[in-house]
Amino acid sequence: MEQLTVAQIRDLLRQADEERFCVLERSLAADTRKGVRQAVSAARSRLDAQAAEAARLDGLYELQAQLMEQAGAQAALGLDEVGRGPLAGPLAVGAVVLPLDARIEGLDDSKRLAEEDRVRIAAQVKASAMAWTVQYASVEQIDTMGIATALRDAFSRAIRAIEEQGIRPGVILLDGNPMSLDAREVNVVKGDARVAAIAAASVIAKVDRDALMDKMDARYPGYGFAQHKGYGTSAHCDAIRQYGLSPLHRRSFCGAFAQETLF
């Protein structure tokens, strides 16, 4: 290997899988060139990160498989909501029946993903799922019913929408606290980061709601909905003070803003 340049060795290491890396590492053990040592270290770090990601992804599917086995279920429905806390816009509930063999690289809690990764993964989820839906609790529902009741209603509609697609899941997996929606319900703390179907539900709900808020940005300019998606950022609060409340704002969440709507 000494006849190879550092650049050539670096290229070999960048392309190496675990098996090939072990061979190269042994061959380069006596090479004291600083660039070679750095390249070996970088390759080791890359492979360790890939192994950790593969183990994390395996864990998402393994826990789902365990929960399905415990329930004697052939299909599991994952549910998760997005948009519980914003000052504006609807709440979205994602529901996904994700087969255990539908391995989606990078799948994770939507909050942990970059926007471009969420969009890619959401498309893969929709293409791979046995059934999926996104149901909304409107601003009017949130203000009239309260956020908790509106959330329960959206979850219930999501379950019905999945079953109307011809799938009756044997277990319904929810992130967070019990909601007592259905006898099949199993709650998983931090489930959106631990169970594949719940993570998938969080991703499609986030992507669909973000796309809706982007459209609302054009309908109600000046508030910056495309940037903050309705959450109470300082820029959003400043815009409310300047323009008042739009029809998209949750009045029950905006009691601190006395100015009436300009719409």
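The values are calculated or read from the model by the stated rules, or taken from the named source; none is laboratory data. Being a predicted model, the structure only gives us computed values, none of them experimental. When we count neighbours, we look across all protein chains shown, and the Cβ atoms used for this are built from the backbone with ideal geometry, even at glycine.
Computed quantities for the displayed model
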item	result
Number of the exception - residue 256 against (1) modelled with pLDDT of 95 or more; (2) small (Gly, Ala, Ser); (3) farther than 18 Å from residue 90 by Cβ	(1)
Options 201, 183; residue that is assigned to a helix (DSSP H, G or I) and among the small types (Gly, Ala, Ser)	201
Odd one out for residue 19, checked against (1) outside the structural domain of residue 190 (by TED's automatic domain parsing); (2) at pLDDT 95 or above	(2)
Test for residue 191: is it farther than 17 Å from residue 207 by Cα, outside the structural domain of residue 53 (by TED's automatic domain parsing) and not aliphatic (A, V, I, L, M)	yes
Pick from segment 158-180, criterion without any contact (Cβ under 8 Å) to a residue 24 or more places away in the chain and outside any loop (DSSP other than H, G, I, E, B), ranking: nearest to residue 67 (Cα to Cα)	163
Every residue from segment 19-55 that is under 22 Å from residue 105 (Cβ atoms), loosely packed, with under 12 Cβ neighbours inside 10 Å and not small (Gly, Ala, Ser)	19, 48
Positions within segment 108-134 being among the aliphatic types (A, V, I, L, M), surrounded by 15 or more Cβ atoms within 10 Å (Cβ to Cβ) and assigned to a loop (DSSP other than H, G, I, E, B), in sequence order	113, 129, 130
Evaluation of residue 85 against (1) more than 18 Å from residue 173 (Cβ to Cβ); (2) part of a helix (DSSP H, G or I) (one fails), failing number	(2)
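Matching residues to (1) more than 30 Å from residue 185 (Cβ to Cβ); (2) touching a helix residue (DSSP H, G or I) at 6+ places or on another chain (Cβ under 6 Å); (3) among the hydrophobic types (A, V, I, L, M, F, W, C); (4) not in a strand (DSSP E or B):
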residue: 9; (1), (2), (3), (4): yes, yes, yes, yes
residue: 14; (1), (2), (3), (4): yes, no, no, yes
residue: 36; (1), (2), (3), (4): yes, yes, yes, yes
residue: 41; (1), (2), (3), (4): yes, no, no, yes
residue: 44; (1), (2), (3), (4): yes, no, no, yes
residue: 50; (1), (2), (3), (4): yes, no, no, yes
residue: 66; (1), (2), (3), (4): no, no, no, yes
residue: 101; (1), (2), (3), (4): no, no, no, yes
residue: 106; (1), (2), (3), (4): no, yes, no, yes
